[in-house]
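Working notes, structure below.
Nothing in this text is a laboratory measurement; each read-out follows from the coordinates by a stated rule. All of these numbers come straight from a predicted model, not from anything done at the bench. We place every Cβ from the backbone using ideal geometry, glycine too, and count neighbours over all the protein chains shown.
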Amino acid sequence: MQKNRRLFLQTAAATAVGSALTACGGGGDASPLVASSNAADSASTSALASADARVRTSTTSTPKSRVIVIGGGMGGATVAKYLRLWGDAISVTLIERMPTYTSCIMSSLVLTGQRSMSSLYFNYDTLRSKYGITTVFGDVVAIDPVAVKVTLADGTVLGADRIVMSPGIEFDAVPGLGTSDRMPHAWKAGPQTSLLASQLSAMPRGGVAILTIPKTPYRCPPGPYERACLVADWLKSRKPGSKLIVLDANPDIVTEKDNFTSAFLGVHGDVIEYVTNAEVTQADPGTMTLTTTAGNFRGDVINLIPRQRAGSLVTTAGLNNATEGRFAGVNVLSYASTVAGAGKVHIIGDASATTQPKAGHIANQEAKVCADAVSRILAGGSPDPAPVTNSACYSTITMSKASWLTAVFQYDPASATMKGVAAASGASTGWNGDNFDEMGKWFGYLMKDTFA
Ligand SMILES: Cc1cc2nc3c(=O)[nH]c(=O)nc-3n(C[C@H](O)[C@H](O)[C@H](O)COP(=O)(O)OP(=O)(O)OC[C@H]3O[C@@H](n4cnc5c(N)ncnc54)[C@H](O)[C@@H]3O)c2cc1C
């Protein structure tokens, strides 16, 4: 079984490396990336097939190890599934606030009316029925990392051998904003996404929309830039004469710089005004004005994306020991916390501080490395000493064309970090309609690998 897991991880990584190399050499055709997703998907499918046999209830009376997973998003759902997929030695309880997960990935397309909210919904039925995961819908309010216990809001206390957390992110409070919903972030998909869509729809022709980009590190590095491009394209046809001001708290575009620079100055040059070093210091929802380090700006619609930190549970549990106390420091061989005495708590996804981007695809990859490591540890072994992860990302540059970006990371023992493999990472030169179509397929594969 150990061998199968290792093979699966290696196959997925090697496929991604191979396809990324092809993509780098071959220019803007994203089909090799899809081949990667396809191959990864078929790897998962074969893993799924063998898992069907493997996750049948054990006939022996050996007590199972117990793992509690907190958060059923991109990282949490994947780690719960793969902990069960790779053997019947572990019982898994997944604790999640909401009975339905709403994907942030693809959610900017709701703003332009190209996707419905319901197309972003995923439930936990298959994780329960196919993999035997126990689900508990509730809010975890406390963790005891030493006793390995969690407390839910209703007072229930659950214990385990290990805890894996993937609680995502929280936002810094913006001075002046209070509880007003006039400047939604729409950076956790849900009601705020629908709200921003309706505000954009009600915006007058010739109006001004504002989108703010927080300081790094934040969830989905290309996300705000791709949303800016998408909204700018939509404004051209739906709100002619309108402007989109992009206020970036960073000194420059933080990722995929060539494509976004070219889009901001070229195809969207008549709509987008891009301002750097513009950190929001105050919001006034009454006058719809933002005070920033680059001046004051007034908008008819304001998509205010605040600075981010790990989900609040990380801080409550005292596991926020990295990135100036914003995120959780982890050992990337197992994603165990680096806080003394908290080594039985593992943190994956956006809440952890690693050299990898805060992205759903990476959360899915970290989950597999973590599931493998936890399975080995609970069986008396050690984590794989040489994990490899990969990330693929498509960015909408217009309402029908996309670019892509891919990265491979390999464990570097000298720095004890995941290091980018330059020769296996790359970005498309420009954007096209084929990439846009492939983006939909990639999303389908990723969500299937996570929730089905
Ligand atoms: C607009 C947008 C576009 C994006 N596009 C892409 C993309 O194209 N590609 C990509 O790879 N990534 C993309 N991302 C990023 C991706 O959505 C995140 O990186 C990913 O969801 C992180 O996974 P996670 O498991 O860390 O957190 P999440 O997926 O947010 O899951 C966290 C879960 O934990 C639960 N939770 C939190 N605290 C508790 C608690 N105390 N008790 C119980 N449950 C709790 C929450 O309810 C939630 O379901 C995008 C993000 C945005 C906002």
Quiz item: So what's the angle, to the nearest 10 degrees on a 0 to 90 scale, between helix 223-238 and the longest Cα principal axis of the chain?
Solution: 40
Quiz item: What percent does the relative contact order of the chain come to when contacts are Cα pairs within less than 8 Å and at least six residues apart?
Solution: 19
Practice problem: Report the extension gain between residue 126 and residue 441 in nm, rounded to one decimal, defined as 0.36 nm multiplied by the number of residues separating them, less their alpha carbon distance. | Solution: 111.4 nm
Self-check item: Cut-off under 5 Å, modelled amide H: who pairs with residue 308 long-range
Solution: 172
Quiz item: Could you name the lysines in cross-link range of residue 130, using Cα to Cα under 25 Å and dropping any fewer than eight places away on the same chain?
Solution: 3, 64, 81, 368, 441, 448
Quiz prompt | Difference of contour (0.36 nm per residue) and Cα-Cα distance, residue 156 to residue 414 | solution = 88.6 nm
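What is the gain in length, in nm to one decimal, between residue 276 and residue 147 on full extension, counting 0.36 nm per residue of separation less the C-alpha to C-alpha distance?
Details: separation 129, 0.36 × 129 = 46.44 nm, distance 4.67 nm.
Length gained between residue 276 and residue 147: 41.8 nm.
Cα-Cα pairs above 16 Å in the range 126-197: how many percent?
Working: 1729 of 2556 pairs.
Across the range 126-197, Cα pairs with separations above 16 Å total 68 percent.
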Practice problem: May I ask for the angle, rounded to the nearest 10°, between helix 360-378 and the longest principal axis of the chain, with both axes built from Cα atoms and the value confined to 0 to 90°? | Solution: 20
Quiz prompt | Ascending count of other beta-carbon atoms within 10 Å, so fewest first, for 100, 406, 315 | solution = 100, 315, 406
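By count of other Cβ within 10 Å, fewest leading, how are 314, 421 ordered?
Details: 314 27, 421 18.
With the sparsest Cβ surroundings first, the list reads 421, 314.
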Quiz item: At each listed q (0.06, 0.09 Å⁻¹), what is the log10 of I(q)/I(0) that the Debye formula gives for the chain modelled as equal alpha-carbon point scatterers?
Solution: -0.25, -0.57
Self-check item: Efficiency of FRET between residue 382 and residue 298 - r from beta-carbon atoms, R0 60 angstrom, step 0.05
Solution: 0.55
Quiz prompt | Fraction in percent of alpha-carbon pairs per bin - 10 Å, the range 379-442 | solution = 20, 35, 24, 16, 5, 0
Quiz prompt | Packing-based exposure ordering (other Cβ within 10 Å, fewest first) of 309, 326 | solution = 326, 309
Quiz item: For helix 433-451, what angle does its Cα long axis make with the longest principal axis of the chain, in degrees from 0 to 90 and rounded to 10?
Solution: 30
Exercise. Whole Å is fine, so just give me how far the alpha carbon centre of the range 166-230 lies from that of the range 99-130.
Key: 18
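At 222 nm, what value in deg cm²/dmol follows for the chain if DSSP H runs of at least 4 each add -39500 (n - 2.57) and the sum is divided by all its residues, to the nearest 500?
Helix-only estimate at 222 nm: -11000 deg cm²/dmol.
What relative contact order, as a whole-number percentage, does the range 313-452 give when Cα pairs under 8 Å and 6 or more residues apart are counted? Intermediate results must be reported in sequence, preceding the final value.
Numbers: 233 pairs, mean separation 23.0, N = 140.
Relative contact order here is 16 percent.
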Practice problem: Could you work out how far apart the two model spin labels at residue 355 and residue 324 are, taking each label as a point 7 Å from the Cα in the direction of the beta carbon, and quote it in nm? | Solution: 2.2
